[in-house]
Amino acid sequence: MNTPHPVVPVQQRQLLNDFDLRTMWRVIKHRKWRIITLTIIVSMLATLVALSKTPIYRASTTLLIDPQKSHIVGIEPINLFTQHKEYLATQFALLKSRELIQRVVRENDLSEHWEFRPKNKEKPLVDWVKEFDLAHILPIALPEAPPPVTPNREALIRAAADSLMARTSIAPIGGTQLVKVHVEMADPELAANIANALAQGYIESQLEARVEMTETSKNWMSNRLVDLKNSLQSSERRLQEYLENENLVDLDGDITTLSADSLSGIGAQLTRARKDLASAESQYRQVKSIDRNDIRRLSSLPAVLANPLVQQFKSEKARAESRVQELAQYYGPKYPKMIKAQSELRSATESLRKQVEQVVASIERNYQLARANEHSLNSIYQENKGEIQDISRKEFKLRELQLDVDTNRSLYNVFLNRLKETSATSGLNTANARIVEPAVVPTVPFKPHKSMIVAMSALLALIVSVGMALLVNMLDNTFKTSTQVEERLNLPVLGSIPLVEKRHIKALSRLFLEKDEKRFSEAIRSIRTSVMLSTSNQPKHLLVVTSSTPGEGKSTLASNLALSLGQMKSTLLIDADMRRPTVAKNFDLKPGTPGLANLVAGNAEARECLQKKEGIYVLSAGSVPPNPLELISSPRFGEVLEALRKQFDYVVVDSPPLQAVSDPLMIASHADMLVYVIKADDTPIEQVEAGIGQLLQKKMRISGTVLSQIDINKAKHYSYRDGANYDEYLT
């Protein structure tokens with residue numbers, strides 16, 4: 001009987017997980033008139049605001065800015081704008097500079113125009129009091145208001161310049177050298193005039209800057225030219241003095257040129273002599289290393305072998321030796337041919353020896369001559385070296401002075417020519433910008449975009465109202481549909497009871513019997529069917545009905561469910577809420593009728609306590625004891641319930657609210673079925689979860705839940721299951 005319900009943890013899901021598109025649409029549909037009303041109100045307010053706004057006109061002047069600038073001097077200045085973008089960005093800043101803005105304000109007398117005049121401040125409280133002659137009723141003397149401060153002209157000009165600067169914008173046209181100057185004002189004609197004045201003022205300021213720069217450059221170049229002339233004269237004087245003091249001619253004279261050529265020639269001769277000496281010494285050392293009598297080795301030296309006669313005599317000797325060797329194979333030494341060949345060999349050998357000795361002697365002489373020549377040239381070079389070095393130093397100093405003269409003369413000529421050019425063209429100055437398209441008087445306001453303001457306000461109001469509706473729905477932590485109950489509590493929903501028009505509690509307890517409440521009656525029958533199907537395998541049933549808090553409709557459900565079960569089975573309705581009993585009043589029982597408390601206490605018999613009403617038996621709470629929990633917790637209470645279960649097919653017990661007292665926990669321990677009533681769109685979800693959690697902790701089996709007092713029209717927007725209307729079918 002007390003089989004515990006399987007404990008399933010409650011899923012703490014996020015609100016957005018349960019908030020699908022269909023739910024969103026139903027919420028919006030439910031609150032559509034509020035959304036539409038808010039949107040219309042905001043649109044009307046936006047229309048009034050847009051109509052009250054002063055129309056602002058925009059006038060635009062198009063300028064062409066050329067970054068190519070002609071320089072006063074031919075030498076490129078340092079730190080010029082090397083990039084086109086940097087130059088244009090600088091010109092854009094100049095177009096909106098305070099100096100240019102104030103110049104336009106002064107030239108057009110904008111400080112007196114109504115758009116640029118400072119707004120009049122509100123009168124001090126003292127002035128209002130004095131104006132209405134209320135000072136005499138005040139107990140204190142009112143201070144004198146300070147005299148109004150009249151701003152001077154410069155302050156007005158600065159204020160007008162600030163205002164005009166805020167109304168002016170610079171918009172370059174991408175990929176071109178064109179730029180638009182926009183001026184926004186309430187006066188379209190003045191806006192066009194100011195736009196053109198800004199462009200023209202920019203061009204004039206550039207021309208003035210160029211003229212000023214030209215004059216400054218002319219003055220600077222004139223002063224610089226005097227300094228350059230003095231420097232040139234000073235350098236020429238130093239050059240002439242040096243030539244005279246050193247008794248020199250200029251660089252093209254014969255003295256410096258002859259000395260340099262002489263030294264260069266001696267140096268070249270000395271170099272060749274040293275090279276010849278090295279070659280002769282090498283040959284000499286080769287000859288000296290070999291004995292004079294060793295003709296064979298001497299004739300093999302490269303220096304000796306290079307002599308043509310040596311080569312010839314050596315060849316003749318080789319042929320003679322070959323002839324002797326050939327004849328020696330056939331003849332003896334005294335054979336005439338052999339004797340002749342031997343004689344030729346001796347003659348060739350002697351000739352070779354003499355020629356080699358001559359060549360060796362020649363090598364020795366060449367070495368001595370080369371050595372003497374090198375020594376002689378070296379002596380001459382060393383003798384003239386000091387003199388040549390002195391002449392070279394003078395030549396270097398002379399060239400240095402001459403270079404100084406040439407440099408000063410070149411700079412002087414450059415500045416003199418540029419000064420003449422600048423003076424000749426000083427009256428011709430061109431600006432780096434020109435007006436391509438002057439501003440025309442605009443005919444259509446630039447802002448405000450009234451239709452856009454109204455449309456955006458309406459759209460924003462619609463979005464905000466829809467968002468607020470969805471947010472309110474998301475923040476609402478009550479159950480609205482049976483599906484929400486099943487998903488959140490993981491418990492079956494036996495049925496849902498529609499909300500009926502406000503009636504007396506007595507009428508609600510027997511509403512099932514009224515024929516005009518077919519929707520309510522059919523809901524009770526659906527719950528009865530769910531109960532009977534859940535208990536079809538048991539002959540006797542004790543059903544306990546409870547809720548979280550009072551006013552959720554548990555007593556109404558218990559009474560009407562008992563009446564519906566009474567139409568099919570023998571049924572007993574027990575009022576176990578001894579703290580706030582309602583059954584006796586709802587079923588018109590006489591005061592003092594004994595009930596459950598009397599039966600459990602043993603003060604009355606069952607036949608005295610049971611009253612038959614509307615086809616069922618009713619057991620009221622009876623005489624309320626001072627401590628109902630002690631009575632319900634007694635063993636006698638369980639015995640009474642067991643005895644009553646055996647007499648009836650269904651025993652429906654109206655239990656107290658779970659969050660109010662702990663009586664339902666004791667009553668539910670005897671139940672075969674436990675039905676938990678939840679008031680739709682009222683009871684907080686956390687409170688329901690807390691109550692069901694208490695029952696599950698006590699191992700109580702919860703058979704199902706009932707969602708009561710559902711507003712059918714409102715439920716249509718949340719669930720087709722609870723919001724379906726079958727009135728036509730039930731008629």
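The values are calculated or read from the model by the stated rules, or taken from the named source; none is laboratory data. Computed from a predicted model, the values in this text were never measured in an experiment. Cβ: placed from backbone, ideal geometry, glycine included. Neighbour counts: every protein chain shown. Remember, those area values only see protein heavy atoms, side chains included, never the ligands or the DNA or RNA. Shrake-Rupley method; radii C 1.70, N 1.55, O 1.52, S 1.80 Å.
Not counting ligands, DNA or RNA, and with a 1.4 Å probe, what is Leu419's accessible surface area in Å² rounded to the nearest 10?
Only protein atoms counted, so the area is about 30 Å².
Under 5 Å between amide H atoms, partner at least 5 residues away or on a different chain: which partners does Val653 have, H built in plane at 1.01 Å?
Excluding prolines and chain starts, which carry no amide H, the hits are Leu543, Val544, Val545, Ile574.
Summing Lys, Arg as +1 and Asp, Glu as -1, what charge do residues with Cβ under 14 Å from the Cβ of Leu277 carry, Leu277 excluded? Walk me through the numbers before you get to the answer.
Values: positive: Arg272, Arg274, Lys275, Arg285, Arg365, Arg371; negative: Asp276, Glu281, Glu364, Glu374.
So the surrounding residues net to +2.
Ala621: net charge of surrounding residues, Cβ under 12 Å, Lys/Arg +1, Asp/Glu -1, itself excluded?
Working: positive: Arg579, Arg580, Lys585; negative: Asp575, Asp577, Asp654, Asp663.
Every neighbour counted, the sum reads -1.
Per-residue accessible area for Met165 at 1.4 Å probe radius, Å² rounded to 10?
50
How much solvent-accessible surface does Val324 expose, in Å² to the nearest 10, with a 1.4 Å probe and all protein chains in place?
Spelled out: Val324, probe radius 1.4 Å, area about 20 Å².
By average Cβ neighbour count within 10 Å, what is the ranking of 665-677, 97-109, 43-55 from highest down? Spell out each step's value before the answer.
Numbers: 665-677: 22.8, 97-109: 17.0, 43-55: 13.3.
Packing order, densest peptide first, comes out as 665-677, 97-109, 43-55.
Taking amide H atoms as placed 1.01 Å from N in the peptide plane, list the residues 5 or more away in sequence, or in a different chain, whose amide H sits under 5 Å from that of Gly704.
It is Leu674, Tyr676, by chain and number.
With +1 on each Lys and Arg Cβ and -1 on each Asp and Glu Cβ, and nothing else charged, work out how big the dipole of region 658-707 is about its Cα centre, in Debye to the nearest 20.
240
Largest first, how would Tyr367, Tyr381 line up by accessible area (1.4 Å probe)? Spell out each step's value before the answer.
Values: Tyr367 25, Tyr381 55 Å².
Solvent-accessible surface, decreasing: Tyr381, Tyr367.
Go through Ser534, Ser496 and list them by solvent-accessible area, largest first, probe radius 1.4 Å. Don't jump to the answer; show the numbers that get you there.
Values: Ser534 70, Ser496 35 Å².
Of Ser534, Ser496, the descending order of accessible area is Ser534, Ser496.
Arrange the peptides 189-201, 641-653 so that the one whose residues have, on average, the most other Cβ atoms within 10 Å appears first. Let's see the in-between values first.
Details: 189-201: 21.4, 641-653: 19.8.
In decreasing order of mean packing, 189-201, 641-653 become 189-201, 641-653.
On the accessible surface of region 516-649, probed at 1.4 Å, how many percent belong to carbon and sulfur atoms?
Numbers: 2830 of 5870 Å².
The C+S portion of the solvent-accessible surface of region 516-649 is 48 percent.
Where does each of His449, His30 land when they are ordered by accessible area, with a 1.4 Å probe and the largest first?
Heavy-atom accessible area, descending, gives His449, His30.
May I ask you to order 168-174, 334-340 by the average number of other C-beta atoms within 10 Å around their residues, highest value first?
Details: 168-174: 13.9, 334-340: 11.9.
Ranked from most to least packed, the peptides come out as 168-174, 334-340.
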